[in-house]
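The values are calculated or read from the model by the stated rules, or taken from the named source; none is laboratory data. Since we're looking at a predicted model, the values are computed, not measured. Please note: Cβ atoms are built from the backbone with ideal geometry, for glycine as well, and neighbour counts cover all protein chains shown. These area figures cover heavy atoms from the full protein model, side chains too; ligands, DNA and RNA do not enter into them. Shrake-Rupley method; radii C 1.70, N 1.55, O 1.52, S 1.80 Å.
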There are 2 protein chains.
Amino acid sequence: MLEFNAAFATRDQNFISLKWQIGYHQEKKERPEDWIAAEVPGAVQLDYAKALQWGPYWYADNWKDYDWMEDVYWTYRAVFNKPEISEDRQVVFYSKGIDYEFDIFLNDKHLHYQEGMFSPVRIDLTDHLLETNELMITVYPAPKVHRKSRDRTQADRSVKPAVSYGWDWHPRLIPLGIWDETGMLVMDRKKLNEWEIEYRLDDGLNQADVTVQLLGTNLRGLSYEIMIKDQVGSEKLTISGILEKDQELIDFELTDLSLWWPWDQGQPYLYEVVLKLKQDSLVLQTVTRRIGFRRVRLVMNPGTWQVDGFPKSRSNPPMTLEINGRRIFCRGTNWVNPEIFPGIITRETYDTLTDLAVKANFNLLRIWGGAIVNKDSFFELCDEKGILVWQDFPLACNPYQGTPEYLKVLEQEATSIIRRLKKYPSLVLWCGGNELYNNWSGMTDQSLALRLLNSLTYRLDPERPFIPTSPIMGVGHGNYIFRDKQSGKEVFQWMPVAHNTAYTEFGMPGPSSVEVLKSFIPDDQLFPPKSGTVWETHHAFNAWVGNTWLSEDMLEYYFGPSDNLETLVSRGQLIQSQGYKVIYEEARRQKPYCSMALNWCFNEPWPTAANNSLINWPARPKPAFDAVSESCRPVIVSGRVEKFTWRKGEEFSVDLFVLNDSHRKIPPGSVKVKIAGDEEMEMLTWDFPEIPENQNLEGPTARIRLPEWESEVFELVLEVIGFPEMNSNYVFLYTPSVNTKRSEIPELNK
Amino acid sequence: MLEFNAAFATRDQNFISLKWQIGYHQEKKERPEDWIAAEVPGAVQLDYAKALQWGPYWYADNWKDYDWMEDVYWTYRAVFNKPEISEDRQVVFYSKGIDYEFDIFLNDKHLHYQEGMFSPVRIDLTDHLLETNELMITVYPAPKVHRKSRDRTQADRSVKPAVSYGWDWHPRLIPLGIWDETGMLVMDRKKLNEWEIEYRLDDGLNQADVTVQLLGTNLRGLSYEIMIKDQVGSEKLTISGILEKDQELIDFELTDLSLWWPWDQGQPYLYEVVLKLKQDSLVLQTVTRRIGFRRVRLVMNPGTWQVDGFPKSRSNPPMTLEINGRRIFCRGTNWVNPEIFPGIITRETYDTLTDLAVKANFNLLRIWGGAIVNKDSFFELCDEKGILVWQDFPLACNPYQGTPEYLKVLEQEATSIIRRLKKYPSLVLWCGGNELYNNWSGMTDQSLALRLLNSLTYRLDPERPFIPTSPIMGVGHGNYIFRDKQSGKEVFQWMPVAHNTAYTEFGMPGPSSVEVLKSFIPDDQLFPPKSGTVWETHHAFNAWVGNTWLSEDMLEYYFGPSDNLETLVSRGQLIQSQGYKVIYEEARRQKPYCSMALNWCFNEPWPTAANNSLINWPARPKPAFDAVSESCRPVIVSGRVEKFTWRKGEEFSVDLFVLNDSHRKIPPGSVKVKIAGDEEMEMLTWDFPEIPENQNLEGPTARIRLPEWESEVFELVLEVIGFPEMNSNYVFLYTPSVNTKRSEIPELNK
């Protein structure tokens, strides 16, 4: 693994400041006629738009103006003077990511060609330098297998993330250019180029055999010092020695370890490893890395071994994450690219969003394979915050063919991804890609691309589980609606009869908040929402099957027509909030047979008009965010209810549960069950006993005859006396009789 | 791949005749006190038994006498004089297989240690030779992980086939010793050590880009000649050249190819490749290999992509073999080790059994992973006869742990197996092992051993499909009974409602033929069969769940008590025959959703008293063999009937089908449907239209009211006018009223 960035510096290193320019051209061998200033990292589109003072790409249909930029060549240029360097030093160009296919030239000499945005570049320029130098990077047009349709299938033989070719929540806008840390510096010729730390924990998870592998240049005779510091910075162990060759393995043992845990199970304890390379007393290079000790396994869900009857098939595959010997129920979400242009994602972007993930009480983020593999700062933050990460490889919803050309690039890119990320303890699961074993993708267990990824993860990172795709056998995928028009079934009805080992994608669409809508929809299109307007290009209409994602017909079914934007939005957001609560809590009730609940999706890369996301771009939680956050507290009281709309005189009932994902016993307590419409009515008090660690308890069913109320909604309130942090509440619709509101809705009268 | 055997000879090569002796000892460092003559290849047990003039190991309970031999060391010895050789030659010891863990010494000098019976050995002895030499091979005791129980679990951390630790059709008798071709010879120092031929077919399957890889010693300056001959021995292409180095790749193109097909689809066409290595005009070495050109894929079964409803899981994995673009319905069987001692298996053993496989109309043999990987002659015969081969790796029914030690041996052994077998066109499927994803084995998709096998087959042989185990998702496994006592369901009822992509194991037990039984059961135990006798140690009682494999209670249920051995055997064999017909034909009717029917099992390694096999050891077909052979003809008329026992006055009905697995159209025809009890009665004549290639046709249902007969059985006869080779017939029980025979059976009166 080529490891390189500014943190990998040598003694009194000199950065060579590069001022970048960019321009486009039609043919590969041409050069731009005009040069404009470029941001690095960034994107060619953003540089161009800035130069021409375009409005925001995310406003209305501005994105359409970027169309032609996919199909031209873009060349970056930086001119610099030769630095004065001594014999023992060299000038190195490095980049952590250039998107997607490119050539690198120095003074018109071709130095490097690469396909693939996830493999870093490092080039020793020393021998090619003139007094004045021109470094050029020519980025090729976006890869397209065909031009039959402008959609994701164009990306099905490249490792370019497919999402930017257009998705039901992402415009057609394909970023290109330098997207991660890139620079030039003067380094010592004696230096470490890369290092890896591997460890094997003993069965008691208390001590580790650690191996540090060093790979460098001209290391012979240098001395090294490796210091392990604990989380407060105290020295735990220091070892040192003399290097004999450019590749060395250094073994040592660490005892009395503090383990790394996800935040809801313990402390995400991190040690720091500081490695110094010295020539006599002179420190040539200092590199640091954090390390967290934890054991991860993917183990069988209880109840899945049993397969009744003959002819019998195999048992469902394991889908329970076990961290440090403890089974974890994963409450989480599908993370998508937080920006259309990965070049503008910063540590702060990740910091804000991962803070929100913890606030949502999520302990796992699935990094969806349709989009990019995140930058290092994302994983550093997940390590710190104790967020488990499931990482897809960049394959999604396409029949990626096992051609030699594709497999070669995939192997290069996947190898880079694995070697870059394997050091992060938060990363607990590799996945081949998204929805690949379903008919809309068309890959199978025989697809060579997935056999390659299984092989690579086995070879390079065998201690970390791998699944070929999501969903796998036994895992539930979907649905994405509150109420199915055909069957008339609501989420309240289909979710309790589902029987899956995990729910790794399920959605509940809702409109964006009014202020978000106003930020990108021109005033004259704001209300009523119509297809063919910015509402549609921002995914409120015809995004997926049926009337998604705004689902106006369903909102009318429940509420009748909405008179204004505020009413429409609040109704849609109520549906989204309550629907998500049902799925998250029902999945939790199905523990331990079920081990995960991950909604589709957490965030979004630009402002959508309606979407399944919990958070509007860039980081504004929707009301559903708060609802889900409530449902995902590690310990709650929870109620299963059979439907959303209730009528006067019906018997309203709720099955009671305490859900405990924590590793603590829950002391005995009392739950007051109440409904609140025009007035509050007590249904039951449930005295529950002590509840063991990581176990749920099913309680009684409370029932009450619904009175006549004026209110159009009512709340179910579950109040735990003395432990308000376990309380739950849910909202339902109320109608005094069967023939009032629902009959006004045209759909019902058909 | 170390390739070595007598066929890999160099110029006027001299075999050094070795006379082997053997003896046993308790400690590794000891040597035997007594030496006895040894057969090579063979087994230590057989040498010992022969020396002591023991009776056959397969008679009665003789096998119990071999118990202690598992746990001692056995040393082979061969004394030979130093041959006179010139400087340009060397003395080489080689073995294609030594079972299982061993050391090799020459004149007390330790030259080689190995764990694993599937990796060949080749040692250059030249520099260690004295005037008189003693070659010794010390074979370790059989590998055992524990001594808690004497069963297959003892083999769960080795690559020793588990079957000999005891199975429901195999005694506890663990072979040890030299089991495949082994010898010593004088060779040139300039020589080829191995070669591989790889090819890539064009889309039209008419021409191939061929690459021959040569690996040798001191090849520089030698010339080579590669001649391709067609099946009748005519030269198709000759290329020649000079070798520059010890590793060379030679590419050429072959056009106008005849493809290799399984026997029921075309000709299993084989070319011969003759490679000559020459020094000037002197031919130093001639090696030959046959090559068959064919493309194999594992493709989706029609109907499996669709997964209805939400939450949805993935689609079933592909399970249809496609050869040269044509989907093949696989009619086949599970092949087990044809002998307890693999050392005595010869080409003739394989020749006889593979002839029977073709006679049974099987186009695929699954080589079950509980037993050995067959010798080369097996695959050569399958290549010639056009029999498809599914090869399991040697893992079965155990939770093989991913310890570094086990993974290391598994990698070595699996690599040897893949590199040895990949040259055979008959081999069309790799499988990780038997029943590993079920609770009685306890492995999962995360098991490192299976991820390793996926990785190795991907790396070394990516063009051939791999499945991790059998059954996989969607595949049916079992059942092994004609009638289930609990549910009362017969195979006639459960099989038509099964809905699986393939049936890769299903059994139907039956007793062995009378002459077989008399050959190994002492006269005084022959009748009536009793548990606790040789009947039980040869698997008639308590072998699997219930009263298996003799199933006397079921036979009594249908027929009442049997008065003598002949009656018992004929009844049991009728049940076995008719039961197997139901499953094979029903699986075929379910085509194309279903793509395979493989019974458990084809053969057996010693005489069983009752078993699911079609063939008694060593190669005597049971009546079920003929019944299955009828059901597996590529083109037949077939009838689905709802039960086995019929009464007077009941309406007997049969659903009619023409089953066509051939690639020919079936011309229009007429089927006469008759039943024959006391007399023959016509039910219907069905005129069917032309039937397309590889498609079935469902016809009408014929019905008739059953008359009063004396006969206790009747036949259903399906007669295709003018095409008797398509005819089918089936046997059913008949009883004039409900209260005659069945009431006499105690089970019914409980």
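Give the residue that is nearest to B:ARG571 (Cα to Cα), with candidates limited to residues of segment B:621-642 that are charged (D, E, K, R) and open to solvent by 20 Å² or more (accessible area, probe 1.4 Å). If we take residues in segment B:621-642 being charged (D, E, K, R) and open to solvent by 20 Å² or more (accessible area, probe 1.4 Å), then B:ASP626 is nearest to B:ARG571 (Cα to Cα). Taking the criterion of being in a loop (DSSP other than H, G, I, E, B) and more than 7 Å from chain A (Cβ to nearest Cβ), the residues of segment B:475-487 that qualify are B:TYR480, B:ILE481, B:PHE482, B:ASP484, B:LYS485, B:GLN486, B:SER487.
Does A:THR286 fit the bill of being at pLDDT below 95, surrounded by fewer than 21 Cβ atoms within 10 Å (Cβ to Cβ), more than 14 Å from chain B (Cβ to nearest Cβ) and over 29 Å from the mean Cα position of the chain (by Cα)?
Taking the combined requirement at face value, the residue satisfies it.
On the stretch given as segment A:15-52, residues that are under 28 Å from A:MET187 (Cα atoms) and assigned to a strand (DSSP E or B) total 5. Taking segment A:162-174 as the range and being open to solvent by 10 Å² or more (accessible area, probe 1.4 Å) and not charged (D, E, K, R) as the test, the residues that pass are A:GLY166, A:TRP167. One residue stands out among those in segment A:191-209 that are within 25 Å of A:ILE98 (Cβ to Cβ) and of a type in the set (A, V, I, L, M, F, W, C): the one that is surrounded by the fewest Cβ atoms within 10 Å (Cβ to Cβ), which is A:TRP195. Of all residue pairs spaced 6 or more apart or on separate chains, those with beta-carbon atoms under 7 Å, a first member in segment B:39-53 that is hydroxyl-bearing (Ser, Thr, Tyr) and a second member that is assigned to a helix (DSSP H, G or I) are B:TYR48/B:MET69. When restricted to residues that are in a loop (DSSP other than H, G, I, E, B) and either open to solvent by 10 Å² or more (accessible area, probe 1.4 Å) or of a type in the set (Gly, Ala, Ser) (or both), segment B:176-190 contains 4. Does any residue of segment B:13-35 turn out to be under 24 Å from B:ALA155 (Cα atoms) and open to solvent by less than 30 Å² (accessible area, probe 1.4 Å)? There is at least one residue in segment B:13-35 that is under 24 Å from B:ALA155 (Cα atoms) and open to solvent by less than 30 Å² (accessible area, probe 1.4 Å).
On the stretch given as segment A:230-287, residues that are touching a Pro at 6+ places or on another chain (Cβ under 8 Å) and assigned to a loop (DSSP other than H, G, I, E, B) total 4.
Go through A:ARG419, A:ARG327 for me and flag whichever is in contact (Cβ under 8 Å) with a residue 24 or more places away in the chain and more than 30 Å from A:ARG157 (Cβ to Cβ). Give the steps one after another, and end with the answer.
On the way: A:ARG419 fails: more than 30 Å from A:ARG157 (Cβ to Cβ).
Being in contact (Cβ under 8 Å) with a residue 24 or more places away in the chain and more than 30 Å from A:ARG157 (Cβ to Cβ) holds for just one of A:ARG419, A:ARG327, which is A:ARG327.
Where the second residue is open to solvent by 30 Å² or more (accessible area, probe 1.4 Å) and part of a strand (DSSP E or B) and the first is more than 14 Å from B:MET495 (Cβ to Cβ) and polar (S, T, N, Q) and lies in segment B:587-598, which pairs have Cβ atoms under 9 Å and are six or more apart or on separate chains? The qualifying pairs are B:SER595/B:ARG327.
Of everything in segment A:55-75 that is within 18 Å of A:GLU39 (Cα to Cα) and within 30 Å of the chain's Cα centre (by Cα), the residue that is most open to solvent (accessible area, probe 1.4 Å) is A:PRO56. The residues of segment A:289-317 that are within 14 Å of another protein chain (Cβ to nearest Cβ), more than 30 Å from B:GLU490 (Cα to Cα) and not in a strand (DSSP E or B), listed by number, are A:ARG295, A:MET300, A:ASN301, A:PRO302, A:PRO317. The residue that is farthest from the other protein chains (Cβ to nearest Cβ), among those in segment B:318-328 that are touching a strand residue (DSSP E or B) at 6+ places or on another chain (Cβ under 7 Å) and in a loop (DSSP other than H, G, I, E, B), is B:MET319.
Among the residues of segment A:242-280, those identified as among the aliphatic types (A, V, I, L, M) and either touching a strand residue (DSSP E or B) at 6+ places or on another chain (Cβ under 7 Å) or over 20 Å from A:ASP203 (Cα atoms) (or both) are A:ILE242, A:LEU243, A:LEU249, A:ILE250, A:LEU254, A:LEU257, A:LEU270, A:VAL273, A:VAL274, A:LEU275, A:LEU277.
Starting from residues that are more than 8 Å from chain A (Cβ to nearest Cβ) and touching a residue at least 60 places away in the same chain (Cβ under 8 Å), keep the ones in segment B:493-506 and report whichever is most open to solvent (accessible area, probe 1.4 Å).
Looking at residues that are more than 8 Å from chain A (Cβ to nearest Cβ) and touching a residue at least 60 places away in the same chain (Cβ under 8 Å), I get B:HIS499.
Somewhere in segment B:609-629, is a residue among the charged types (D, E, K, R), within 17 Å of B:MET726 (Cβ to Cβ) and at pLDDT 95 or above?
Yes - at least one qualifying residue is present in segment B:609-629.
Residues being open to solvent by less than 50 Å² (accessible area, probe 1.4 Å), in contact with a strand residue (DSSP E or B) (Cβ under 6 Å, 6 or more places away or on another chain), touching a residue at least 24 places away in the same chain (Cβ under 8 Å) and within 14 Å of another protein chain (Cβ to nearest Cβ) are entirely absent from segment B:212-222. Take A:MET473 and decide whether it is at pLDDT 95 or above, open to solvent by less than 10 Å² (accessible area, probe 1.4 Å) and aliphatic (A, V, I, L, M). When the stated conditions are applied, A:MET473 does not pass them. Remark: A:ASN660 falls outside the filter, which requires a residue to be at positive phi and open to solvent by less than 50 Å² (accessible area, probe 1.4 Å). In this structure, A:PHE723 does not satisfy being more than 26 Å from A:LYS648 (Cα to Cα) and open to solvent by less than 40 Å² (accessible area, probe 1.4 Å).
Checking segment B:345-354 against the condition returns a match, with at least one residue being among the acidic types (Asp, Glu) and more than 14 Å from every other protein chain (Cβ to nearest Cβ).
Report the residue count in segment B:600-627 for those that are in a strand (DSSP E or B), farther than 18 Å from B:THR349 by Cβ and basic (Lys, Arg). Spell out the reasoning first.
Step one: list which residues in segment B:600-627 are in a strand (DSSP E or B), which gives B:610-611, B:615-616, B:620-621.
Checking which are farther than 18 Å from B:THR349 by Cβ leaves us with B:610-611.
If we keep only those that are basic (Lys, Arg) as well, we get none.
Within segment B:600-627, residues that are in a strand (DSSP E or B), farther than 18 Å from B:THR349 by Cβ and basic (Lys, Arg) number 0.
With respect to the conditions (1) touching a residue at least 12 places away in the same chain (Cβ under 8 Å); (2) away from every other protein chain (no Cβ under 11 Å), B:ILE472 falls short on a single one, namely (2).
State whether the residues of segment B:644-656 include one that is over 23 Å from B:GLU712 (Cα atoms) and of a type in the set (Val, Ile, Thr). No: zero hits.
Number of residues in segment B:336-359 that are in contact with a strand residue (DSSP E or B) (Cβ under 9 Å, 6 or more places away or on another chain), over 23 Å from B:TYR100 (Cα atoms) and not basic (Lys, Arg) equals 4. Every listed requirement among (1) farther than 21 Å from A:GLN412 by Cα; (2) not in a strand (DSSP E or B) is met by A:TRP74 save one, (2).
(1) assigned to a loop (DSSP other than H, G, I, E, B); (2) among the small types (Gly, Ala, Ser); (3) within 25 Å of the chain's Cα centre (by Cα): which one isn't true of B:SER562, the others all being true? Single failed check for B:SER562: (3).
Conditions (1) touching a residue at least 40 places away in the same chain (Cβ under 8 Å); (2) open to solvent by 20 Å² or more (accessible area, probe 1.4 Å); (3) within 14 Å of chain A (Cβ to nearest Cβ), marked per residue:
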site	(1), (2), (3)
B:VAL491	yes, no, yes
B:MET508	yes, no, yes
B:SER531	no, yes, no
B:ASN542	no, yes, no
B:PHE559	yes, yes, no
